2 protein chains.
Amino acid sequence: MERVTMADVAREAGVSKSTVSQYLNKRYEYMGEKTKQKIEEAIETLGYQPNFLARSLKQKRTSLIGIIVANITHYFSTEVSRAIEDFFHQYDLQAIVCNADDDPEKEKKYIEMLRAKQVDGLIIFPTGKNNALYESMVKQNYPVVFVDRKVENRDVYTVITDNTESTYKAIQYFIKKGHQNIAFAVQPLTVSTRIDRLEGYKKALTDAGLEVNPDFIVEGSIAEMKGKLEQLFSLDVKPTALFAANDRVFITLGEFIKEKGIKFGEDLDVVVFDNIPFSQMLETSLSFIIQPAAEMGRKAAELLYQQIQKENQEPEVFVFPSKMM
Amino acid sequence: MERVTMADVAREAGVSKSTVSQYLNKRYEYMGEKTKQKIEEAIETLGYQPNFLARSLKQKRTSLIGIIVANITHYFSTEVSRAIEDFFHQYDLQAIVCNADDDPEKEKKYIEMLRAKQVDGLIIFPTGKNNALYESMVKQNYPVVFVDRKVENRDVYTVITDNTESTYKAIQYFIKKGHQNIAFAVQPLTVSTRIDRLEGYKKALTDAGLEVNPDFIVEGSIAEMKGKLEQLFSLDVKPTALFAANDRVFITLGEFIKEKGIKFGEDLDVVVFDNIPFSQMLETSLSFIIQPAAEMGRKAAELLYQQIQKENQEPEVFVFPSKMM
DNA sequence: CCGGTTTAGTAAATCGGTTTATCTAACTGC
DNA sequence: GCAGTTAGATAAACCGATTTACTAAACCGG
């Protein structure tokens, strides 16, 4: 693993390091044809491969961007990440994907480490709990885009879906179908998506003249979820429809329902807020609220790229509409 | 974005760069208590954050490893990647995930670029078509592990599943259930997994005294797949069971089947070779061959880590058993 | 043939750290 | 009181590129 450096190439070709550098950067303006050839040959015979680290140090660009997802097992996150990667591929920028596991400590650690590694920008699915850190990045004019969730700080480019509105419509759809007892299952209300979806649920009920029954709102971690569903379905008045606030809730629901012998469509109408792979193969009675993950990823990537290129506009929140299927 | 450097800290604390460096690397052996404190303060007031790039350049370690997956939309790949990330997290190594899209050219580009970025090692789902490149990495003693697919070169650590055996068993299961006309759908036979699975299929049939009917082997790209399925199901003797060689084939099959009104379980028994998220929510009549993705990822990561630490053993191929569900 | 321009190439500084060899002052013991 | 340690800190080289300022030779018109 005796690495070949530019100096070696220069020696082999009988020119200076500077000239080799010019060659590699295709600044041929004042370069003799024979010199060019000599360098080419030297590179070939030595099997030289440039060291991007050294270059990055000098140029203060790494051509690396960081993606910090809240939960990598969430299909939506992978779809967004993929779109981001695709976008940056055309500019020869690579993405590093890190998984914060919805843990603010982990998130902090990753942000700091990616910045220490000098990545050119960051796309974050924020936990929302590191406001001081977010603030400092904005203040330093460091390229950042938030995806999926809003945070308090308004001076950051943000790409989200219309959580409240699409939940509202889904609940409206339940009501139109005649449902009176509609439940809502959600993980702890720590991030904006969950809060917004719950808001849409409540608003839809209220607007339809139905009362919001707190017993029908199941809030808890995935670990607690089954127990709470148990409670929900042992109420005197059982729900006939249920809104699952994301895919992980849905999985738990699926297990629960299988155990209890409850049938989707017949006993219980369900809408899931999330993109699910293979959803076309699932029972047709289920509905899904699909977020335009690819477009959102693309938009986030564009916004980040603009910042990296210093073509900053005013920070803005971009809201994408979801579709119910 | 006026970055604070070590020199600034040194000036602020009234010591030399070297001392600051010692401090940061926790080499306190000969360091006065007051010096330590002064540096600590200086770092605090300036908000200094070290530049890992510079450190990596000198130390020739980036604490970055690369993962090149053949297809990032493949659920199995993301599971493996996640396990790899988890493993390396404990050693403060980050993973860069790149998507080669089963394109040897792209794969080559990524390998070269990741090496240029000086990543400490590579875990690859190989296309199998860049043998010269693989060879050169091995020869240079560069840490590499192959996952999911074998390549010709035997001197590389490789982690795979028992493709042939588990397919064999699945087909045997079909036969025991009484099926005589068993079809096999697969993407082009360009990588070892597909070839090995087909081999298992053929062997199971032959061993059971059934003949291998070439009409029942559907081989083609995802784009062609539907047309070929059409042909398959317009044969005089139609298959009553089908083996889908991976999840992408299965998706296409699902679409096809829905259009035709064929029913899983009743008209057609199906086994899918692959881990599918939410498979527990799909029709119970389907069977899946599940690869132990997490363990495989972990093993691959361990093997890479050993190489990075220069604790090399003899390269070996590790075969994990799959389970049918 | 001479001053100015163009062409081709280079020396040296730089990026921000790590590391090695060295230095000084205080401390030992005899 | 002096050689030998040792604790504490530093100067300078180094990692492998980029980039700026500079030089030397060729060229060119009047």
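For the protein assembly as shown, the fraction of 1.4 Å probe accessible surface lying on carbon and sulfur atoms is 48 percent. Buried between A and B is an accessible area of approximately 4900 Å², summed over both sides with a 1.4 Å probe.
Only beta bridges with both residues in the range B:1-135 are counted; by DSSP, about 0 percent of them are antiparallel. Against chain A, whose longest principal axis is taken from its Cα atoms, helix A:75-89 shows a tilt of about 20°.
In this assembly of identical copies, the label point of A:LYS258 (Cα plus 7 Å along Cα-to-Cβ) is separated from its counterparts by 2.1 nm, sorted shortest first.
What nm value, rounded to one decimal, do you get for the distance between B:TYR91 and B:GLN59 when each label is placed 7 Å out toward the C-beta? Modelled inter-label distance: 1.4 nm. Computed from the Cβ-Cβ distance with R0 of 22 Å, the FRET efficiency linking B:ILE222 to B:GLU105 stands at 0.65. Packing here is the average count of other Cβ atoms within 10 Å per residue, and on that basis the peptides B:231-243, B:309-321, highest first, run B:231-243, B:309-321.
Calculated mean residue ellipticity at 222 nm for chain A: -14000 deg cm²/dmol, from DSSP H runs with n ≥ 4 weighted as -39500 (n - 2.57), summed, divided by the residue count and rounded to 500.
The residues of the range A:63-90 listed by number as losing at least 10 Å² of accessible area in the complex, against the isolated chain and with a 1.4 Å probe, are A:LEU64, A:ILE72, A:THR73, A:THR78, A:ARG82, A:GLU85, A:HIS89.
Placing a label point 7 Å from Cα along the Cα-to-Cβ axis, A:HIS89 is separated from the same position in the other copies by 2.7 nm, shortest listed first.
Label-to-label distances for B:LEU46 across copies, nearest first, come out at 3.5 nm, using points 7 Å from Cα in the beta-carbon direction. Rg and Dmax of the protein assembly as shown, based on Cα coordinates, read 28.0, 90 Å.
Within a straight-line Cα-Cα reach of under 24 Å, B:LYS238 can be paired with the following lysines, leaving aside sequence neighbours fewer than 8 residues apart in one chain: B:LYS169, B:LYS176, B:LYS177, B:LYS202, B:LYS203, B:LYS226, B:LYS228, B:LYS258, B:LYS260, B:LYS263. Taking the DSSP bridge list for the protein assembly as shown and keeping only pairs wholly inside it, about 5 percent are antiparallel.
Using the Cβ-Cβ distance between A:ASP267 and B:MET324 with R0 = 25 Å, the FRET efficiency computed as 1/(1 + (r/R0)^6) comes to roughly 0.20. Using a probe of 1.4 angstrom and keeping all protein chains present, the accessible surface of chain A works out to 46 square angstrom per residue. Mean per-residue shielding of peptide A:95-104 is 3, counting Cβ atoms of other chains within 10 Å of each Cβ.
The values are calculated or read from the model by the stated rules, or taken from the named source; none is laboratory data. This is a predicted model, so every value here is computed, not measured. Using ideal geometry, Cβ is built from the backbone for each residue, glycine included, and neighbour counts are taken over all protein chains shown. Ligands, DNA and RNA are stripped out before the accessible areas are found, and what is left, the full protein with its side chains, is counted by its heavy atoms. Shrake-Rupley method; radii C 1.70, N 1.55, O 1.52, S 1.80 Å.
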